[in-house]
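Single-structure report; data block below.
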Amino acid sequence: MGDRLTQLQDAADQLVHQFIACYYYIERRHELETFGPNDKIHDLKDNPKELDSLPPDVFQAGQLELARDLITKEQQIEYLISSLPGLDNSEHDQEQLIKDLEEELRVAEAQRLDAIKEKDEILVRLDQVLRSIRRN
Amino acid sequence: MENMEEDSSRAPLLWPDPPPFWKDFTPDNIASFDRLKHDYAQQQGLDDSDVLLRILDLPEYLLDLQPPREPEERKWRLFSVVHSLNDELQSLEAMGIQRLGPLNERDRDGKHMDRAFELKRQAKSILLNFLELMGVMSYNPSHGAEKVKDLDTLLLNFQHILNEYRPHQAREQLIQLMQDQLDNKRAETAAVRGVVDKAKRALEGLGSMEIPPPTTPERESSSMMKASELGDGVKDGVPHWERQNIDFALLDGDFV
């Protein structure tokens with residue numbers, strides 16, 4: 001799980017892989033057809049080896065599934081595009097934001113150190129009190 | 001070398017040995033190199049933190065500690081791929097690919113909505129071109145190559161826009177990280193403050209108590225009762241102050 005851009009680039013690669021898979025499916029699994037009435041389909045035994053026909057209905061179902069997958073992947077890509085981070089920030093906005101955050105971080109750090117100092121002081125006082133109780 | 005040949009049990013290595021000069025990087029050598037570099041820099045009136053600083057008359061045994069010069073043409077080859085010193089994203093034109101979208105000038109105030117729009121457009125084009133490729137292949141396979149080239153161009157353009165977007169995303173991530181850090185710091189401060197306040201109240205409670213008479217038989221129970229304002233009194237046989245101490249010890253571990 002990478003960042004959005006990497007996801008998007010991976011998705012694009014997957015889309016291409018799907019293209020190739022679809023291409024091979026159609027190329028290898030189609031039925032033999034005649035172009036004109038004079039053509040003849042040779043005996044199936046003479047089928048070239050690279051062709052492994054499926055019955056028409058199975059072939060079409062497969063085609064449909066592959067097409068659906070393509071659309072799904074496409075939609076996924078578009079979704080990823082719309083969720084790219086900071087689409088409505090310009091570079092200038094980003095720099096301003098970073099500067100503001102830097103300042104806020106400095107303030108917060110100072111406050112944190114203050115609080116810790118106070119905590120240490122109170123710890124010492126509490127310790128003293130408890131010691132005195134124990135001695136009593 | 002002799003050792004290696006004698007040692008027949010040495011398994012054939014998957015990776016070659018590192019170059020022999022790694023042995024020169026002993027702590028002594030590194031220290032003397034640093035000293036030399038420092039002296040040299042002072043002599044020449046240069047800044048010795050400059051990594052590109054080169055000492056000219058270096059003793060031979062330290063030669064390998066000095067990084068080599070930058071390549072003069074600002075380019076070098078690694079695994080037959082040419083790299084250049086200023087690692088910039090190559091433009092599409094430089095890679096010999098037709099640019100499909102508008103040229104994105106470095107517009108600092110520009111929003112990136114256009115880029116997203118362009119990406120979506122190209123994603124749709126890719127799908128459409130695949131469909132066309134399927135059509136062309138079924139009618140006239142000899143024209144398929146052109147379509148494949150179109151698809152190629154589209155995909156490369158798509159990836160290129162994404163790569164152009166990387167610096168933007170990096171800044172965006174930085175902002176996110178800083179925001180998280182800020183939130184964490186604030187939460188931590190609030191938590192510490194909360195505990196401190198609680199402890200202060202407990203101390204005030206203790207301060208307003210009378211000191212129990214030291215030798216009464218109920219000494220134990222009375223101090224316990226009063227101190228129970230601190231917390232819940234005794235639990236599991238551990239006296240409250242002990243527990244309080246433990247609590248603070250835990251806090252220390254958490255926050256310091």
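Has region A:98-105 got any residue that is over 21 Å from B:Gln181 (Cα atoms) and aliphatic (A, V, I, L, M)?
Step one: list which residues in region A:98-105 are over 21 Å from B:Gln181 (Cα atoms), which gives none.
There is no residue in region A:98-105 that is over 21 Å from B:Gln181 (Cα atoms) and aliphatic (A, V, I, L, M).
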Tell me whether region B:159-173 contains one or more residues that are among the aliphatic types (A, V, I, L, M) and modelled with pLDDT of 90 or more.
no
Those residues of region A:1-19 which are open to solvent by 60 Å² or more (accessible area, probe 1.4 Å) and at the interface with another protein chain (Cβ under 10 Å from one of its Cβ atoms), in sequence order
A:Arg4, A:Asp13
Tell me, please, whether a residue that is open to solvent by less than 50 Å² (accessible area, probe 1.4 Å) and touching a residue at least 12 places away in the same chain (Cβ under 8 Å) can be found in region B:140-148.
yes
Matching residues, region A:66-123, being open to solvent by 70 Å² or more (accessible area, probe 1.4 Å), under 30 Å from B:Ala123 (Cβ atoms), more than 7 Å from chain B (Cβ to nearest Cβ) and free of Cβ contacts under 8 Å to residues at least 40 places away in the same chain
A:Arg68, A:Ile71, A:Thr72, A:Gln75, A:Tyr79
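Within region B:24-36, can one find any residue that is in a loop (DSSP other than H, G, I, E, B) and modelled with pLDDT under 75? Give the derivation first.
Of region B:24-36, the ones in a loop (DSSP other than H, G, I, E, B) are B:25-26.
From what is left, the residues that are modelled with pLDDT under 75 are none.
For region B:24-36, residues in a loop (DSSP other than H, G, I, E, B) and modelled with pLDDT under 75: absent.
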Has region B:150-172 got any residue that is hydroxyl-bearing (Ser, Thr, Tyr) and open to solvent by less than 20 Å² (accessible area, probe 1.4 Å)?
yes
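Residue by residue, here is whether (1) among the hydroxyl-bearing types (Ser, Thr, Tyr); (2) at negative phi; (3) over 40 Å from the mean Cα position of the chain (by Cα) holds:
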{"site": "A:Asp52", "(1), (2), (3)": "no, yes, no"}
{"site": "A:Arg68", "(1), (2), (3)": "no, yes, no"}
{"site": "A:Lys73", "(1), (2), (3)": "no, yes, no"}
{"site": "A:Gln76", "(1), (2), (3)": "no, yes, no"}
{"site": "A:Tyr79", "(1), (2), (3)": "yes, yes, no"}
{"site": "A:Lys99", "(1), (2), (3)": "no, yes, no"}
{"site": "A:Glu104", "(1), (2), (3)": "no, yes, no"}
{"site": "A:Lys117", "(1), (2), (3)": "no, yes, yes"}
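Does B:Ala123 satisfy being hydrophobic (A, V, I, L, M, F, W, C), open to solvent by 40 Å² or more (accessible area, probe 1.4 Å) and at negative phi?
Values: hydrophobic (A, V, I, L, M, F, W, C): yes; open to solvent by 40 Å² or more (accessible area, probe 1.4 Å): no; at negative phi: yes.
Considered against the rule, which asks whether it is hydrophobic (A, V, I, L, M, F, W, C), open to solvent by 40 Å² or more (accessible area, probe 1.4 Å) and at negative phi, B:Ala123 comes out as no.
Residues checked against (1) within 11 Å of chain A (Cβ to nearest Cβ); (2) within 33 Å of the chain's Cα centre (by Cα); (3) modelled with pLDDT of 85 or more; (4) not in a loop (DSSP other than H, G, I, E, B):
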residue: B:Glu88; (1), (2), (3), (4): no, yes, no, no
residue: B:Glu93; (1), (2), (3), (4): no, yes, no, no
residue: B:Gly96; (1), (2), (3), (4): no, no, no, no
residue: B:Leu100; (1), (2), (3), (4): no, no, no, no
residue: B:Leu103; (1), (2), (3), (4): no, yes, no, no
residue: B:Asp107; (1), (2), (3), (4): yes, yes, no, no
residue: B:Leu128; (1), (2), (3), (4): yes, no, yes, yes
residue: B:Met134; (1), (2), (3), (4): yes, no, yes, yes
Within region B:151-194, take every residue that is facing another protein chain (nearest Cβ under 7 Å) and β-branched (Val, Ile, Thr) and give me the one that is farthest from B:Ala94 (Cα to Cα).
B:Val192
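The values are calculated or read from the model by the stated rules, or taken from the named source; none is laboratory data. Since this is a predicted model, take the numbers as computed values, not measurements. Glycine also receives a Cβ, built like all others from the backbone with ideal geometry; neighbour counts cover every protein chain displayed. Ligands, DNA and RNA are excluded from the accessible area calculation, which covers all protein heavy atoms including side chains. Shrake-Rupley method; radii C 1.70, N 1.55, O 1.52, S 1.80 Å.
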